[in-house]
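Just below is one structure, and these are the notes that go with it.
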Protein chains: 2
Amino acid sequence: MPTALEKARQAPDSMKARILSAARKLFGEYGYHGVTTRMIAQEVGIDISTLHYHWGEKQDLYEAVLTDLSDEIHAKLIEIEGLVHGKPLEVRLEVAIDVMCDHLFGNPDSAHLMLFSHFSKNRITSELDAHISRHLANIAVAMGLASDKAHVPPQANARVLAVWNSVINFAAGEDLFRPILDLDRPAYLSVVKETLKFILLPAFTRQASREK
Amino acid sequence: MPTALEKARQAPDSMKARILSAARKLFGEYGYHGVTTRMIAQEVGIDISTLHYHWGEKQDLYEAVLTDLSDEIHAKLIEIEGLVHGKPLEVRLEVAIDVMCDHLFGNPDSAHLMLFSHFSKNRITSELDAHISRHLANIAVAMGLASDKAHVPPQANARVLAVWNSVINFAAGEDLFRPILDLDRPAYLSVVKETLKFILLPAFTRQASREK
DNA sequence: AATTGATTCCATCATTTGATGGATAACCAA
DNA sequence: TTGGTTATCCATCAAATGATGGAATCAATT
C-alpha cells in the first residue's frame, strides 16, 4: 500500500501533491508554528477538512514535507557525487558549489526548510538527520578529507558541515543579504559562488597538497 | 523618560529584567510563533497579566529582546575591533573567531535569535539589520578586504557575511551537529574554532599577500 | 440507471492564545 | 495613619486554531 507521499509523487497534479507543494512553500517561509492549516488550505483554494482528509494531522503533513525535502537533497547529492567522480579536488569543489547553489537558489523554500529543520530546539527529528550523517562521510571522502568512509575524523566532518551551511545560508538569507549587498539576483548568485570558492578553495587545496 | 528596556537594564533583578531574560531564552529556543506569552510567564513564575503590564503586547516584548540582542552584539564587535586594532591580519582573524565563538557558545540563545531574526520570511525588521550593515563595512576594512569604509565592494561584504554566518551556524546548530560529530562540548568548541580558522585563514591571508 | 467508493465542503466543537478589567496587595511619601 | 501610586493576580473575553462529523458531489464500474 503506497503512502500518501508516494501517491502525491505518482500524480503531480493530484490534490495530495498540490497540498504538499503549498505546505512546503508556506512551511519554508514561516516555519512550522508560523503556518496554520487554514493558510495552507487557502493557498490551495480548498477547505481545511479536505486538507485533513488527505494528510491527517498538521504534524504528519510537516513530516511528509521534510521527508520529501530529504529525498530531494539526497538525490541532488547523489547527482553531484556522480558529476565529480574522478575529477581533481578543485574541480570537485567547484562543481559541488555550483550545482548546490543553483539548486537551492532555484528552490529557496528548500533552503529555508533545512534551516528551520536544523536549528529548531523542538526539532522534529526526521530523515534529514539520518541523511546528513550518511552523506557527511561520503562528501568528506569525495573532498579528499578522509580516505576511509568508515573512519572520518570529526575535523573532516566539521569542514564539510561548514561548506554545507554556507551554501544554505546564502540561499536562505537572500531576502536579508541581497539588499545589504545591493545586488540583483543574478549578481547575488554570482557573488555568492565566487565568495564560497574564494573562501573554500585555498583551504581545501592546501589540505590536498599536504596529503600528497 | 526611560524606556522599559532601559529600566530592565538598570535593575537586573527587577521583574522587567526577569521577564526579558525568560522571553529571550524561550524566543531563542522556539522562535516567535513557537512561544506563547503563557510559556514566558510560567518560566518566570508569574501571571500573564503581569507580563503584559510590564511589556505590553507580545510583539513589543519580542522587539525589546531583539534590540537587547542587537546592543549586545554591537558591544561585542566594538570589543573585538579594539582587541585586533593594529594587529596583522592573521591575528585579527584568529582573535575575532575566538572571541565571537566564545561569546556565542556561552550564549546560544543569542545565536538562535540571530538565526530566527535573519531568516524568517515575516522578518520583524529590527535594529539588528541596521547593525549588520553598519558593521559589515568596519569589519571588511579591519579584515583587509577594503581600504575605504565608504566604498566596500559587495564581494568583500559577502566574504564577511560568510564568516559571520559560519560562526552563528556552529553555535546555533550545536544540538544537531555535536551528536553528529560525536564530541563533547569543549571538544566541539575546539573543533569549530579549528575548522573556521582552517577554512578562513588561507583565503584571507592569500588575499592580504596579494594586496601587498 | 444504479451502486459504490472516493472526494469535497459546510457547520461546528474544544482548546489555545493574546489580551483586558477589576480586585487586591505592596510600597512609600507626607 | 493616610492617600496614592505601583505591582500582582484572578476571572474572563474574543479570536484563532486544529480537528471532526456528516451531508453533498463526483467518478468509475456494473
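The values are calculated or read from the model by the stated rules, or taken from the named source; none is laboratory data. Note that the coordinates shown come from a computational prediction; the quantities given were computed from them, not determined experimentally. Cβ coordinates were reconstructed from backbone atoms using ideal geometry, including for glycine residues, and neighbour counts include every protein chain displayed. For the accessible areas, the whole protein counts, side chains as well, though only heavy atoms, and no ligand, DNA or RNA atoms are used. Shrake-Rupley method; radii C 1.70, N 1.55, O 1.52, S 1.80 Å.
Is it true that A:Leu189 is at the interface with chain B (Cβ under 7 Å from one of its Cβ atoms), within 30 Å of B:Leu136 (Cβ to Cβ), out of contact with any Leu (no Cβ under 8 Å at 6 or more places or on another chain) and surrounded by fewer than 22 Cβ atoms within 10 Å (Cβ to Cβ)? So A:Leu189 does not fit the description; no.
Considering segment A:30-57 alone, what residues qualify as being surrounded by 19 or more Cβ atoms within 10 Å (Cβ to Cβ) and closer than 19 Å to A:Ser117 by Cβ? Matches in segment A:30-57: A:Tyr30, A:Gly31, A:Tyr32, A:Val35, A:Ile40, A:Trp55.
Residues to consider are B:Leu77, B:Leu69, B:Leu5; find the one that is modelled with pLDDT of 90 or more and either open to solvent by 50 Å² or more (accessible area, probe 1.4 Å) or in a helix (DSSP H, G or I) (or both).
Values: B:Leu77 fails: modelled with pLDDT of 90 or more; B:Leu5 fails: modelled with pLDDT of 90 or more.
Within the list B:Leu77, B:Leu69, B:Leu5, the selection yields B:Leu69.
Remark: B:Leu69 falls outside the filter, which requires a residue to be over 20 Å from the mean Cα position of the chain (by Cα) and away from DNA strand C (no atom under 16 Å from the Cβ). Do we have any residue at all in segment A:170-182 that's surrounded by fewer than 16 Cβ atoms within 10 Å (Cβ to Cβ), within 11 Å of chain B (Cβ to nearest Cβ), within 27 Å of B:Pro153 (Cβ to Cβ) and in contact with a Pro (Cβ under 8 Å, 6 or more places away or on another chain)? Yes; the residues of segment A:170-182 include at least one that is surrounded by fewer than 16 Cβ atoms within 10 Å (Cβ to Cβ), within 11 Å of chain B (Cβ to nearest Cβ), within 27 Å of B:Pro153 (Cβ to Cβ) and in contact with a Pro (Cβ under 8 Å, 6 or more places away or on another chain).
Looking only at residues of segment B:142-163 that are touching a residue at least 40 places away in the same chain (Cβ under 8 Å) and farther than 21 Å from A:Ala187 by Cα, we find that the one that is surrounded by the fewest Cβ atoms within 10 Å (Cβ to Cβ) is B:Gly144.
Looking only at residues in segment A:11-36 that are within 14 Å of chain B (Cβ to nearest Cβ) and in a helix (DSSP H, G or I), the one that is nearest to DNA strand C (Cβ to nearest atom) is A:Tyr30. Answer yes or no as to whether B:Lys16 is over 17 Å from B:Ser110 (Cβ atoms) and charged (D, E, K, R). For B:Lys16, the condition - over 17 Å from B:Ser110 (Cβ atoms) and charged (D, E, K, R) - is met.
If a residue has to be outside any helix (DSSP H, G or I) and within 9 Å of DNA strand D (Cβ to nearest atom) to count, how many in segment A:37-60 make the cut?
Total satisfying the criteria: 3.
Condition first: within 14 Å of chain A (Cβ to nearest Cβ), touching a Ser or Thr at 6+ places or on another chain (Cβ under 9 Å) and either away from DNA strand C (no atom under 16 Å from the Cβ) or not acidic (Asp, Glu) (or both). Can you find one or more residues in segment B:39-60 that meet it? Yes: segment B:39-60 contains one or more residues that are within 14 Å of chain A (Cβ to nearest Cβ), touching a Ser or Thr at 6+ places or on another chain (Cβ under 9 Å) and either away from DNA strand C (no atom under 16 Å from the Cβ) or not acidic (Asp, Glu) (or both). Cβ-Cβ distances below 7 Å connect the following pairs, each with a first residue in segment B:52-70 that is over 27 Å from B:His103 (Cα atoms), a second residue that is of a type in the set (Ser, Thr, Tyr) and within 14 Å of DNA strand D (Cβ to nearest atom), and a separation of six or more residues or different chains: B:Lys58/B:Thr37.
For B:Glu63, indicate whether it is more than 30 Å from B:Met143 (Cβ to Cβ) and either more than 7 Å from DNA strand C (Cβ to nearest atom) or charged (D, E, K, R) (or both). Criteria met by B:Glu63.
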